[in-house]
Amino acid sequence: IDTMAIADWDVITDIAQAGQYPVDTYSLVPQVPGDSNWSLTDAEVTTQTVAAIGSGDPPNFLFSYLVQVDEAGHQFGGASPQYAAAINRTDTNIGAIMEAVNTSGENWTVIVVTDHGHQPQLGFGHGFQSPDETSTWVIANGTGFDPGRMNLAYSIVDVTPTVLSLFGAPPPTGSPGVSLTTLGD
């Protein structure tokens, strides 16, 4: 498996480089000078992701991280217009990535996930157990996933077992998750 990680948060690239099987290729995209809302920096992550997909020799596994929604939640709160604008810009970035996937000629499975929410008001962010902070979602697109269907059985703990199963590996020992492919369309 040829692996790649593209991120604008060094924690992601640090994790990608760690362990027994570090990522083959990574790109840490530093914050663009003057980019106070991270939109230009996320645009660069998107550009690099699109380029990797369309390279003619894409990795088998590509992990991309976009930070602006999280940053807006910390700076302004989860109910702010800035948070909503960051979500809209991220949707545009994901649209560009999906366009690259759709024109690549490759058979991709795409999983989009958030690791946490934010409290609506400024000053709290996340880290507690309120529904606003612990609400997450998983979007999957590819063979075996019905477009436009909602499956409330999907959970963030199912992402790692899903990725492993797509590569023919067993789920991690003791994992509370299962492959999304076992949870129906």
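All of the numbers you see were taken from the coordinates with simple rules; none came from a lab. These numbers come from a predicted model, not from an experiment. Here Cβ is always computed from backbone atoms with ideal geometry, including for glycine, and neighbour counts include all displayed protein chains.
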Rounded to whole Hz, the Karplus (6.51, -1.76, 1.60) HN-Hα couplings of the stretch 45-52, x for glycine and proline: 4, 4, 4, 5, 5, 4, 5, 5
For the stretch 73-90, Karplus couplings with θ = phi - 60° (6.51, -1.76, 1.60), whole Hz, Gly/Pro x: x, 5, 7, 10, x, x, 9, 7, x, 5, 5, 4, 5, 5, 4, 5, 5, 5
Under 5 Å, built H, 5+ apart or other chain: amide partners of Tyr26: Ala5
Label-to-label distance, nm, for residues given as Ala79 and Leu152 (7 Å Cα→Cβ offset): 2.4 nm
Amide H contacts of Thr114 (H built 1.01 Å from N, under 5 Å, at least 5 apart or other chain): Trp137
Mean ellipticity per residue at 222 nm, deg cm²/dmol - from DSSP H runs of n ≥ 4 across the chain, formula -39500 (n - 2.57): -11000 deg cm²/dmol
Calculated FRET efficiency for the pair Ile87/Asp10, C-beta based, R₀ 22 Å, to 0.05: 0.40
Distance in nm between pseudo-label sites at Phe128 and Ile1 (7 Å out along the Cβ direction from Cα): 3.8 nm
For the stretch 156-164, Karplus couplings with θ = phi - 60° (6.51, -1.76, 1.60), whole Hz, Gly/Pro x: 4, 5, 8, 5, 4, x, 5, 4, 4
Cα Rg, Dmax (largest Cα-Cα span) when computed across the chain, Å: 16.7, 45
Amide H contacts under 5 Å for Trp9, placed H, 5+ residues apart: Val29
Ordering of 41-50, 17-26, 130-139 by packing [mean C-beta count within 10 Å, highest first]: 41-50, 130-139, 17-26
Rg to Rh, two decimals, where the stretch 114-166 supplies the alpha carbon set and Rh follows Kirkwood: 1.08
Glu106 paired with Trp137, simple spin-label distance in nm, labels 7 Å along Cα-to-beta-carbon: 2.6 nm
